[in-house]
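Every read-out reported here was derived from the displayed coordinates using simple, explicitly stated rules and does not represent laboratory data. Here the structure is a predicted model, which means the values were calculated and not measured. Positions of Cβ are generated from backbone atoms using ideal geometry, with glycine treated the same way; all protein chains shown enter the neighbour counts.
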Amino acid sequence: MVVVETLDELATNYGDSKAAGHRDSITKFTFIVTLVAVEHVLSTLTPLSKLLQDKSCDLIDATSESRIVIALLQVSFSYNYICNTHALNSCRNSVFINIHAM
């Protein structure tokens with residue numbers, strides 16, 4: 001909410017036309033869902049990234065970890081997983097309520 005309020009203040013008090021556009025963009029449902037999806041992917045990839053950057057990285061361990069991460073991502077974004085996940089519905093409802101309260 002702080003970012004939205006700041007962008008709103010810039011648009012209203014300082015006539016910043018870009019701020020109004022950015023505010024409108026970040027409060028759209030599609031942006032927020034995309035942000036949640038990207039956060040999920042990046043949080044899954046972070047341990048693998050750290051492992052691959054380690055100087056003592058073992059190629060066999062890295063290959064095994066890579067396969068595990070790929071499998072996790074495939075399951076996470078399968079149709080049935082998304083349809084059965086209440087977190088996405090909760091996020092959607094929360095965003096809808098917050099956006100329309102503005």
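Of everything in the range 1-24, what is surrounded by 11 or more Cβ atoms within 10 Å (Cβ to Cβ), of a type outside the set (A, V, I, L, M), more than 22 Å from the chain's Cα centre (by Cα) and part of a helix (DSSP H, G or I)? Give them in sequence order.
Of the residues in the range 1-24, the ones surrounded by 11 or more Cβ atoms within 10 Å (Cβ to Cβ) are 3-12, 16, 19-24.
After this cut, where a residue has to be of a type outside the set (A, V, I, L, M) as well, the list is 5-6, 8-9, 12, 16, 21-24.
Adding the requirement that they be more than 22 Å from the chain's Cα centre (by Cα) leaves 8-9, 12, 16.
Matches in the range 1-24: Asp8, Glu9, Thr12.
Here Glu39 passes the criteria (1) surrounded by 12 or more Cβ atoms within 10 Å (Cβ to Cβ); (2) under 20 Å from Val2 (Cβ atoms) except the one numbered (1). Candidates in the range 50-79 are the residues that are assigned to a helix (DSSP H, G or I) and either in contact (Cβ under 8 Å) with a residue 40 or more places away in the chain or touching a Leu at 6+ places or on another chain (Cβ under 9 Å) (or both); of these, the one that is nearest to Glu39 (Cα to Cα) is Leu73.
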